[in-house]
Amino acid sequence: DRGIYAGYFDYTGNIGNLNFIAGLRGELTAQNIDIKSPDYFSILYAGADKKSNYKVNQFDLFHSLLLSYKLNDKEKVSFSTSRRINRPALKNMTPFLYRRHLEVYEVGDPTLKPEYLLNAELTFEKNIGKQNFSIVGFYRGVDNAVFRVNTITNEIPAVMQLLKEEVLIRSFTNAGNSQSTGLEINSNLDIASKLKIYVGGSLYNYRVK
């Protein structure tokens, strides 16, 4: 069972050429997993506790902020930041083998935590005639990043005895945190009445710990 209860508010205003939208959202996650055969879980995860119940009752706050400043009729600077949550799919938390396809079984982990994402962007936009150009500096951080983990049935004797075949077993785990920092350049070129071209590219540094 998973219930998500949320409430939020936004405030919009301006001070001269500065426009802003600020928001705050609160979310309560009420989640309960009952496992009737906890021994099954401990076979797949060596050393795992033979717990039959996993509960989560957690309250989180998430902000959002957008600032936009008009320098002149052709140039604008904006800054935005937000914090979000990415909850794992319930099938990725169910600790039972199911066949993904001929060569792969998947098994979930009931202890899987949600990912928390923090985004920030600083943008400069400029119009030259009908053309539009923008440069975006960005940061994207993920806490409790979820990664896929693979093993083979013959590495777990109890599972090999159960399945009697050598195939891949895929699971999911919170393996760490990741960060992306970079720069993105975009342009909308209005070449003719029936020809518009969009050109964009980005360069970034991605780190996982």
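The values are calculated or read from the model by the stated rules, or taken from the named source; none is laboratory data. Computed from a predicted structure; not experimentally measured. Here the Cβ positions follow ideal geometry from the backbone for every residue, glycine too, while neighbour counts run over all protein chains shown. These area figures cover heavy atoms from the full protein model, side chains too; ligands, DNA and RNA do not enter into them. Shrake-Rupley method; radii C 1.70, N 1.55, O 1.52, S 1.80 Å.
So which strands (runs of 3 or more DSSP E) stay within segment 75-147 end to end and still have 2 or more residues that are among the polar types (S, T, N, Q) and modelled with pLDDT of 90 or more?
It comes to 75-86, 115-128.
Can you tell me which of 30, 48, 22 is modelled with pLDDT of 95 or more, open to solvent by less than 50 Å² (accessible area, probe 1.4 Å), closer than 28 Å to residue 172 by Cα and more than 19 Å from the chain's Cα centre (by Cα)?
30
Looking only at segment 191-207, decide whether some residue is surrounded by 12 or more Cβ atoms within 10 Å (Cβ to Cβ) and in contact with a Gly (Cβ under 7 Å, 6 or more places away or on another chain).
yes
Could you grab me the full set of residues in segment 165-187 that are part of a strand (DSSP E or B) and open to solvent by 30 Å² or more (accessible area, probe 1.4 Å)?
First, the residues of segment 165-187 that are part of a strand (DSSP E or B): 168-187.
Those that are part of a strand (DSSP E or B) and open to solvent by 30 Å² or more (accessible area, probe 1.4 Å): 168, 170, 173, 174, 175, 177, 179, 181, 183, 184, 185.
Quick test for you: out of 96, 79, 133, pick the one residue that is in contact with a helix residue (DSSP H, G or I) (Cβ under 8 Å, 6 or more places away or on another chain), touching a residue at least 40 places away in the same chain (Cβ under 8 Å), surrounded by fewer than 17 Cβ atoms within 10 Å (Cβ to Cβ) and not small (Gly, Ala, Ser).
The unique qualifying residue is 96.
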